[in-house]
1. Please find, within the stretch 107-126, the residue that is farthest from ligand 2 (Cβ to nearest atom) out of those that are part of a loop (DSSP other than H, G, I, E, B) and in contact with a strand residue (DSSP E or B) (Cβ under 7 Å, 6 or more places away or on another chain).
2. Report the residue count in the stretch 244-258 for those that are more than 11 Å from ligand 1 (Cβ to nearest atom) and in a loop (DSSP other than H, G, I, E, B).
3. Could you list, in sequence order, all residues of the stretch 127-149 that are in a helix (DSSP H, G or I) and in contact (Cβ under 8 Å) with a residue 12 or more places away in the chain?
4. Is it the case that Gly221 is modelled with pLDDT under 85 and out of contact with any helix residue (DSSP H, G or I) (no Cβ under 8 Å at 6 or more places or on another chain)?
5. Quick one: which strands (runs of 3 or more DSSP E) sit completely within the stretch 259-345 and have at least 1 residues that are not assigned by TED's automatic domain parsing to the domain that holds Leu398?
6. Test Arg133 against the criterion of being within 15 Å of ligand 2 (Cβ to nearest atom) and open to solvent by 60 Å² or more (accessible area, probe 1.4 Å), and give yes or no.
7. Could we say that Tyr238 is open to solvent by 10 Å² or more (accessible area, probe 1.4 Å), within 16 Å of ligand 2 (Cβ to nearest atom) and over 20 Å from Phe8 (Cβ atoms) here?
8. Looking only at the stretch 271-288, which residues are within 17 Å of Leu78 (Cβ to Cβ), open to solvent by less than 70 Å² (accessible area, probe 1.4 Å) and touching a Phe, Trp or Tyr at 6+ places or on another chain (Cβ under 7 Å)?
Amino acid sequence: MAKTKTSFICQNCGAVYTRWQGKCDACGEWNTIVEENAAGGIGGGPARARRKGRVASLLPLSGELEEAPRIVSGIGELDRATGGGIVRGSALLVGGDPGIGKSTLLMQAAAALDRNGHRVVYVSGEEAVAQVRLRAQRLGAASSGVLLMAETNVEDILATLAEDRRPDLVIIDSIQTLWSDLADSAPGTVTQVRSGVQMLIRYAKASGAAVILVGHVTKEGQIAGPRVVEHMVDGVLYFEGEGGHHYRILRTVKNRFGPTDEIGVFEMSDIGLREVQNPSELFLGERNDKAPGAAVFAGMEGTRPVLVEIQALVAPTALGTPRRAVIGWDGARLAMVLAVLEAHCGVRLGQHDVYLNVAGGFRISEPAADLAVAAALVSSLSGLALPPDCVYFGEISLSGAVRPVAHAAQRLKEAVKLGFQRAVLPSAGSDLPKSRDVLTHEIETLPHLVAAVAGGEGRS
Ligand code: TYD
Ligand code: MG
């Protein structure tokens, strides 16, 4: 018998070491390295290495497709995030914190696909069949033809699937419970997760059934991270939400068959997740027009415009080093906007604490929010509220210039739809159609914005 070889594998990123150590050099996490028996892992084992190559066939790129390449659930927000439906034969990873609603979302998706005539198998490794049924009942999906399996061994799952007619979609909830006879380490470790996922992906490619894999993510990295399987799958979706808020965002991080910047927005209710077709209305829900320090940003998420309120609080500091706290935006970009305000506009914030919050717990990654952030900061510092019917967007460069951003027309259209009548935006040189619905104020540099805010322009 071959001598078993153990190695030490980081459960967060999958880096392999020959000795144990407290900190992973690759990802910087502490206490994530665990001893595993690597000989039985994928690609390991001398017997497999000596196998003679089998002749595969070479095929032309153009060929007949047998059936519709995508399966569409009819849940608009989900189909949007997957880029128009789940591609047959592909593997998708749905990650998120425990308890965020992954199982709920996928059960609803399964029921919706079943209504559209697709055959769906839901494999639950975490919950017993009775629990899954109970949840389905609550979601009003109990009468659907979705097939259940409570199994965690990959070989058993694949054997069961091979028994019957090929399903259109297999949902595996979750990859952390998977284990395979081929790998010797304990269930839940990187080696097990990786080999289980690899077998399921192979099944998807060979059979043409789509596979959705659920993976828990924890900040501590104690659970074998979905990170290690991200590169193996065709698409990665993260299901996010802020504690205390009811809405959830399904964010596309990777998609081999569609765009990656799309989001789907849902609201968690007592009967499951509800689609939110107009997120702007949700994020602008409880707005206090009169308060200084709040600016409405006309943003874009993928192909969809989203209006959110950016709130700033600037207050004299009692500390030696003033505080800068940011929720929902990038701290480094805030530092940059503050530096530009100081250097080019004479707005001194060195003796002030600055707090910045994106309302509703939404997260913005666009640089186009610079202008709205600057407006909120200046408004808070001066104590002058911004006009309540105005939106802001534009990127600020280090020179203090305000640079144009993409999709200006779409942003304006959304603002008009929600009753806004003014917009402060970069002078784009300008390909914008002149509209009578919205009064545009084009600005070239940041000092222009500061003058407009401090001058009380547009307030009644
Ligand atoms: P779940 O889908 O089990 O989360 P995950 O699979 O990501 O761990 O969702 C669990 C949470 O969702 C739980 O805290 C209760 C809540 N929930 C509702 O608010 N309404 C519902 O109809 C359901 C089914 C769950
Ligand atoms: Mg779950």
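The values are calculated or read from the model by the stated rules, or taken from the named source; none is laboratory data. On a predicted model such as this, the values are computed, not experimentally measured, just so you know. We place every Cβ from the backbone using ideal geometry, glycine too, and count neighbours over all the protein chains shown. Protein only, heavy atoms only, side chains kept; ligands, DNA and RNA dropped before computing areas. Shrake-Rupley method; radii C 1.70, N 1.55, O 1.52, S 1.80 Å.
1. Applying the first criterion (part of a loop (DSSP other than H, G, I, E, B)) to the stretch 107-126 yields 116-119, 125-126.
This time we only want the ones that are in contact with a strand residue (DSSP E or B) (Cβ under 7 Å, 6 or more places away or on another chain), so: 118, 125-126.
Values: His118: 22, Gly125: 10, Glu126: 6 Å.
This residue is His118.
2. The initial filter retains those residues of the stretch 244-258 that are more than 11 Å from ligand 1 (Cβ to nearest atom), namely 244-245, 247, 249-258.
Next, only the ones that are in a loop (DSSP other than H, G, I, E, B) stay: 244-245, 256-258.
Total satisfying the criteria: 5.
3. Start the filter on the stretch 127-149 by keeping residues that are in a helix (DSSP H, G or I), which leaves 129-138.
Passing the criteria: Val129, Val132, Arg133, Arg135, Ala136, Arg138.
4. Values: modelled with pLDDT under 85: yes; out of contact with any helix residue (DSSP H, G or I) (no Cβ under 8 Å at 6 or more places or on another chain): yes.
So Gly221 fits the description; yes.
5. Answer list for the stretch 259-345: 263-269, 272-275.
6. Details: within 15 Å of ligand 2 (Cβ to nearest atom): yes; open to solvent by 60 Å² or more (accessible area, probe 1.4 Å): yes.
Against the criterion (within 15 Å of ligand 2 (Cβ to nearest atom) and open to solvent by 60 Å² or more (accessible area, probe 1.4 Å)), Arg133 qualifies.
7. Values: open to solvent by 10 Å² or more (accessible area, probe 1.4 Å): yes; within 16 Å of ligand 2 (Cβ to nearest atom): yes; over 20 Å from Phe8 (Cβ atoms): yes.
For Tyr238, the condition - open to solvent by 10 Å² or more (accessible area, probe 1.4 Å), within 16 Å of ligand 2 (Cβ to nearest atom) and over 20 Å from Phe8 (Cβ atoms) - is met.
8. Leu273, Glu275, Val276
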